[in-house]
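This report concerns only the one structure given below.
The values are calculated or read from the model by the stated rules, or taken from the named source; none is laboratory data. Quick caveat: nothing in here was measured; it's all calculated off a predicted structure. Heads up, the Cβs are rebuilt from the backbone with ideal geometry, glycines too, and the neighbour counts pull from every protein chain shown. Just the protein is used for accessible areas: all its heavy atoms, side chains included, with ligands, DNA and RNA removed. Shrake-Rupley method; radii C 1.70, N 1.55, O 1.52, S 1.80 Å.
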Amino acid sequence: MKKTANADGPVIIKKYANRRLYNTETSSYITLDHLAAMTREGRDFKVIDAKSEEDITHNVLTQIIMEEEARGQTLLPVSFLRQLIALYGDSMQAMVPGYLEASMESFRRNQEQFKSAVEGAFANSPFAEIAKRNMAMFEAAAGAFKPGAAASGAKPGGTAPETSKDDEIAALKAQLSALKEQVDKLG
């Protein structure tokens, strides 16, 4: 996770007794979703109890994880959670946080290397041109749903002739039909 440099250190978030979170940087009340977004952006923050001034960042981050897990797409398997709970009070408990941090950092590095390798593998192959065309079709389809897209008459990429736009629409219709068939088979 990248760290955003801030001359004053981490953003201070105050948590009040009524469970409201106050961002001292923006002078506004925020939600746990805002804190989750800040985390994904690499923003460093510290949550303190407004009354006792105790650092409760750990508790709030755990609460964010619990809410994310409750939304349906779980990241933490039950077996992992059971193993983690079993380590509380174990003689190895002190080693677990460092091990988990190192594992996550290694996972992040491997993820970036994998992404670079995949991008590099397609760079000089026939798949690269197919991927570019698919991306152009996707952008054209997404652009059709943007407000004002039809009124502006702008073409995706700005240089495609009108006949290629018709070809793209026909290809998108064919892909949509194929996807519909797959969905029907699943149903």
Inset, instruction - Could you check, for segment 173-185, whether at least one of its residues is acidic (D, E) and modelled with pLDDT of 70 or more? - result: yes
Legend entry - Selection count, segment 31-51, where residues are among the charged types (D, E, K, R), assigned to a helix (DSSP H, G or I) and closer than 20 Å to K14 by Cβ: 1
Legend entry - Test: F127 is among the hydrophobic types (A, V, I, L, M, F, W, C), loosely packed, with under 10 Cβ neighbours inside 10 Å and at pLDDT below 75: no
Inset, instruction - Check whether at least one residue in segment 52-59 is within 28 Å of Y16 (Cα to Cα), outside any helix (DSSP H, G or I), of a type in the set (S, T, N, Q) and without any contact (Cβ under 8 Å) to a residue 60 or more places away in the chain, and report yes or no. - result: yes
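Matching residues to (1) at pLDDT 70 or above; (2) surrounded by 12 or more Cβ atoms within 10 Å (Cβ to Cβ):
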| position | (1), (2) |
| --- | --- |
| E105 | yes, no |
| R109 | yes, no |
| K115 | yes, no |
| F122 | no, yes |
| G153 | no, no |
Inset, instruction - Evaluate the following for R19: is it of a type in the set (K, R), within 25 Å of R109 (Cβ to Cβ) and not in a strand (DSSP E or B)? - result: no
Legend entry - Residue identified as within 23 Å of the chain's Cα centre (by Cα) and not small (G, A, S) among R43, R82: R43
Legend entry - Tally of residues being open to solvent by 80 Å² or more (accessible area, probe 1.4 Å) and either outside any loop (DSSP other than H, G, I, E, B) or within 28 Å of T24 (Cβ to Cβ) (or both) across segment 72-97: 6
Inset, instruction - Go through (1) at pLDDT below 90; (2) surrounded by 12 or more Cβ atoms within 10 Å (Cβ to Cβ); (3) of a type outside the set (D, E) and name the single condition T39 misses. - result: (1)
Legend entry - Evaluation of R82 against (1) over 28 Å from I13 (Cβ atoms); (2) at pLDDT below 90; (3) not β-branched (V, I, T) (one fails), failing number: (2)
Inset, instruction - Would you mind stating whether Q63 is of a type in the set (S, T, N, Q), farther than 30 Å from L21 by Cα and modelled with pLDDT of 80 or more? - result: no
Legend entry - Residue check for L21: surrounded by 11 or more Cβ atoms within 10 Å (Cβ to Cβ) and either more than 27 Å from V11 (Cβ to Cβ) or free of Cβ contacts under 8 Å to residues at least 24 places away in the same chain (or both): no
